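Following: one structure in structure tokens, then a few remarks.
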Amino acid sequence: MKHKILQYDPYLKPYEKDFDLRAERLKNKLQELLPQGQSLWDFANGYEYFGLHQTPDGWYYREWAPGAEAMYLTGDFCGWDRHAYPMEKLENGVFSLFIPGKDTLQNGMKVLTVVVHEGQELERIPLYANYVVQEKDSVEWNAVIHTAEAYPWTDEGFKPKSKLYIYECHIGMAQEEGKVGSYREFMENTLPRIKKLGYTAIQIMAIMEHPYYASFGYQVTNFFAPSSRFGTPEELKALIDRAHKLGIAVLLDVVHSHACKNTREGINQFDGTDYQFFHAGGQGEHPAWNTKCFNYDKNEVIHFLLSNLKYWMTQFHFDGFRFDGVTSMLYHDHGLGTAFMGYDQYFSMNTDVEAVTYLQLANLMVRQGNPKAITIAEDTSALPGLALPVKDGGVGFTYRLAMGEPDMWIKLLKEVSDDNWNMDYIYYELSTRRPKEPVIGYCESHDQALVGDKTIMFRMCDSEMYWSMNRDNDSPIIDRAMALHKMIRLVTLSLGGEGYLNFMGNEFGHPEWIDFPREGNGWSYHYCRRQWHLADDKNLKYQYLNRFDKDMIALSKRLRVLGKTDRQLYISNDQKIMAFRKGEGVFLFNFHPTWSQDGLEIPMPEAGTYRVCFTSDDFDYGGHGRVYHQDYETHTRTDGTPVLQIYLPCRTAVVLQKV
């Protein structure tokens with residue numbers, strides 16, 4: 001069969017012609033883009049040609065601006081004379097300028113581009129600016145000349161671990177103090193915590209420059225500039241270098257799904273037209289996000305975006321990307337209000353086949369640069385083949401986010417009483433995948449940590465967290481919340497994916513929410529930080545959740561849980577019991593709020609002796625110590641099935657390992 005995806009999922013057979021079209025479109029686009037013998041990696045060199053580049057004799061500045069009639073470079077170096085340095089218009093909308101003298105432009109100087117369109121002079125920040133700074137006490141941003149000696153990398157030969165335990169983080173709010181944190185503070189204070197917890201990768205949000213801090217980095221203006229709020233490009237490089245030294249891979253939360261509408265400091269209307277990078281008219285407007293939508297069929301746009309990926313890989317040594325808003329890219333209606341209930345919806349006039357081709361190109365290019373690179377798709381539609389290799393008919397991502405998992409947990413916690421939770425439903429939602437497509441499992445998204453929503457822990461506790469997290473304080477509300485917090489994490493990690501993700505601070509049940517500084521809160525940073533002292537305080541219960549997270553990850557590594565096939569052993573909706581084998585562990589969960597099971601019989605994978613190697617009820621994790629770390633012998637039923645009898649307390653997880 002031509003496309004392996006049709007072997008993996010026979011229900012896709014009626015759509016074989018759609019996969020033929022997918023392959024044909026990719027082939028044609030590759031022929032358009034690449035001269036004979038060139039690779040996508042060779043092609044994606046826009047940042048080496050465009051933008052400002054210093055040479056021994058002077059500076060070159062180039063831009064692609066097909067809608068511009070004329071262009072100039074201005075700035076500190078010429079007293080902001082708008083017309084002193086006109087650019088020459090070349091073919092295909094490219095403008096070029098040579099400025100004699102190596103020191104004519106110097107570090108720290110501010111520059112702007114003046115674009116003439118339909119007789120109007122428009123101020124613009126260069127498209128490939130690598131450092132962009134907001135003026136003090138102003139809304140204006142300017143490009144800043146930033147050159148540096150080659151960074152002395154020490155990470156040669158680094159490769160990401162094969163099993164991903166991802167710590168999703170935000171540099172600015174990673175500090176305790178109410179302010180914007182820095183790359184250096186993150187490197188010195190937060191990275192050691194992540195290493196100690198056992199995570200093997202960090203996924204950094206809000207790196208690409210964005211003027212609106214509260215956008216969480218999702219309204220990008222300057223695609224080649226690491227955010228200057230947090231420090232210099234060299235300090236970001238030092239952070240990544242240190243992470244690699246600690247054995248931690250670094251993923252960039254990349255935003256190629258849309259762009260900020262801002263014009264002076266963004267790429268929108270850079271050449272004076274609304275269609276340089278984006279679709280013209282209404283098609284170029286995102287109705288939910290108030291942002292601009294890329295035209296993925298335009299070769300110059302593909303060149304810009306692929307060059308952007310290569311730039312972050314080569315200049316900053318990122319090990320891969322989490323692609324934001326993939327659903328929005330894949331469909332002309334951006335997936336808004338669409339319930340994806342059947343395969344017809346994936347292969348219809350609503351599918352943006354040009355975006356599918358771009359994502360295939362992106363994944364192919366990233367692998368050409370680094371075969372070990374990781375790409376993760378944030379998609380709610382479950383498009384078939386998203387995380388299958390391109391050669392098999394897929395889009396090429398390494399993983400897809402299991403976005404239904406946090407939705408399931410929050411729906412259960414909001415709408416269903418504990419004693420009515422359906423174990424079959426939970427097991428199915430956590431264990432079901434599209435064939436051959438690896439997923440990253442997670443319990444709660446970063447959106448749930450924002451003001452207006454609640455994390456799992458805060459939803460279960462609310463104001464009780466303020467009064468009853470002292471370790472000597474008994475509270476049934478806190479007791480329930482801690483028990484379920486641990487169980488939800490363990491069952492999701494063990495069953496919910498080939499990788500696992502946690503958002504910064506949620507591992508220890510960080511209280512309250514994230515509220516970015518804004519007019520409504522008096523521009524306060526009080527809630528835009530992480531209160532690490534709570535996890536470190538020996539008098540508080542947060543320490544128990546933090547310790548549990550650390551030991552849970554260590555257990556998962558020891559039992560080789562990630563990437564293994566699960567085997568269901570026992571499920572009872574009446575008892576609220578779930579048991580399964582994963583890797584070298586047998587996982588038992590009793591979600592019942594009050595019913596502890598004495599002498600519970602669990603069918604086992606094979607006869608023998610099984611030892612309790614982990615339990616959520618240990619005193620070290622804030623539990624009640626109702627489970628003994630002992631050995632259990634199986635006995636054989638009359639039908640030959642080996643079974644094990646065990647005491648399984650309510651709201652408790654127990655992990656067994658065969659001796």
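At-a-glance table
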quantity: Residue count, segment 412-434 (criterion: of a type in the set (Ser, Thr, Tyr) and within 20 Å of LEU562 (Cβ to Cβ)); calculated: 4
quantity: Residues being under 24 Å from the mean Cα position of the chain (by Cα) and modelled with pLDDT under 95 - total across segment 493-524; calculated: 7
quantity: Any hit, segment 564-576, residues being under 24 Å from HIS624 (Cβ atoms), surrounded by 20 or more Cβ atoms within 10 Å (Cβ to Cβ) and of a type outside the set (D, E, K, R); calculated: no
quantity: Selection from segment 199-239 of residues that are within 22 Å of HIS446 (Cα to Cα), open to solvent by 10 Å² or more (accessible area, probe 1.4 Å), assigned to a loop (DSSP other than H, G, I, E, B) and in contact (Cβ under 8 Å) with a residue 60 or more places away in the chain; calculated: PRO211, TYR218, GLN219
quantity: Single match in ASN28, ASN92 (criterion: of a type in the set (S, T, N, Q), open to solvent by 50 Å² or more (accessible area, probe 1.4 Å), within 21 Å of GLY272 (Cα to Cα) and assigned to a helix (DSSP H, G or I)); calculated: ASN92
quantity: Boolean, MET482 is over 18 Å from LYS414 (Cβ atoms), modelled with pLDDT of 95 or more, out of contact with any strand residue (DSSP E or B) (no Cβ under 7 Å at 6 or more places or on another chain) and not in a strand (DSSP E or B); calculated: yes
quantity: Top-ranked residue in segment 468-481 [being in contact (Cβ under 8 Å) with a residue 60 or more places away in the chain and open to solvent by less than 10 Å² (accessible area, probe 1.4 Å); ranked as nearest to VAL654 (Cα to Cα)]; calculated: ILE478
quantity: Test set (1) open to solvent by 50 Å² or more (accessible area, probe 1.4 Å); (2) assigned to a loop (DSSP other than H, G, I, E, B); (3) under 25 Å from ASN502 (Cα atoms) - GLY337 fails condition number; calculated: (3)
quantity: Of all residues making up segment 340-352, the number that are buried (at least 18 other Cβ atoms within 10 Å of the Cβ) and either basic (Lys, Arg) or closer than 18 Å to GLU16 by Cβ (or both); calculated: 3
quantity: Flag if ASP392 is under 24 Å from GLU32 (Cβ atoms), surrounded by fewer than 19 Cβ atoms within 10 Å (Cβ to Cβ) and either modelled with pLDDT of 95 or more or of a type in the set (Val, Ile, Thr) (or both); calculated: yes
quantity: Among the residues listed as ILE426, ILE440, ILE410, ILE376, the single one being in a helix (DSSP H, G or I) and in contact (Cβ under 8 Å) with a residue 60 or more places away in the chain; calculated: ILE426
quantity: Residue that is most open to solvent (accessible area, probe 1.4 Å) [pool: residues in segment 449-467 that are touching a strand residue (DSSP E or B) at 6+ places or on another chain (Cβ under 8 Å) and outside any loop (DSSP other than H, G, I, E, B)]; calculated: LEU450
quantity: Residue ID - most open to solvent (accessible area, probe 1.4 Å), chosen from residues in segment 40-78 that are more than 29 Å from MET365 (Cα to Cα) and part of a strand (DSSP E or B); calculated: TYR72
quantity: Enumerated strands (runs of 3 or more DSSP E) restricted to segment 560-627, each holding at least 3 residues that are touching a Leu at 6+ places or on another chain (Cβ under 6 Å) and either in contact (Cβ under 8 Å) with a residue 60 or more places away in the chain or of a type in the set (Lys, Arg) (or both); calculated: 585-590
quantity: Top-ranked residue in segment 540-561 [being out of contact with any helix residue (DSSP H, G or I) (no Cβ under 8 Å at 6 or more places or on another chain) and among the aliphatic types (A, V, I, L, M); ranked as surrounded by the fewest Cβ atoms within 10 Å (Cβ to Cβ)]; calculated: ALA554
quantity: Any hit, segment 599-607, residues being open to solvent by less than 40 Å² (accessible area, probe 1.4 Å) and within 28 Å of ILE440 (Cα to Cα); calculated: yes
quantity: Cβ-Cβ under 7 Å pairs, at least 6 apart or on other chains, segment 151-169 side more than 21 Å from GLU498 (Cβ to Cβ) and β-branched (Val, Ile, Thr), far side open to solvent by 30 Å² or more (accessible area, probe 1.4 Å) and in a loop (DSSP other than H, G, I, E, B); calculated: none
quantity: Filter result (modelled with pLDDT of 95 or more and more than 15 Å from ARG459 (Cβ to Cβ)) within segment 408-420; calculated: ASN420
quantity: Conditions (1) open to solvent by less than 70 Å² (accessible area, probe 1.4 Å); (2) within 39 Å of the chain's Cα centre (by Cα); number of the one not met by ARG611; calculated: (1)
quantity: Residues within segment 485-539 that are of a type in the set (Phe, Trp, Tyr), assigned to a helix (DSSP H, G or I) and open to solvent by 10 Å² or more (accessible area, probe 1.4 Å), tallied; calculated: 1
quantity: Extreme residue, most open to solvent (accessible area, probe 1.4 Å), among residues of segment 101-118 that are touching a residue at least 40 places away in the same chain (Cβ under 8 Å) and part of a loop (DSSP other than H, G, I, E, B); calculated: GLU118
quantity: Some residue of segment 434-443 being of a type in the set (Lys, Arg) and buried (at least 22 other Cβ atoms within 10 Å of the Cβ); calculated: no
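The values are calculated or read from the model by the stated rules, or taken from the named source; none is laboratory data. Fair warning: this is a prediction, and the values are worked out from it, not measured in the lab. Backbone-built Cβ (ideal geometry, glycine too); neighbour counts: all protein chains shown. The accessibility values were calculated without ligands, DNA or RNA, using every heavy atom of the protein model including side chains. Shrake-Rupley method; radii C 1.70, N 1.55, O 1.52, S 1.80 Å.
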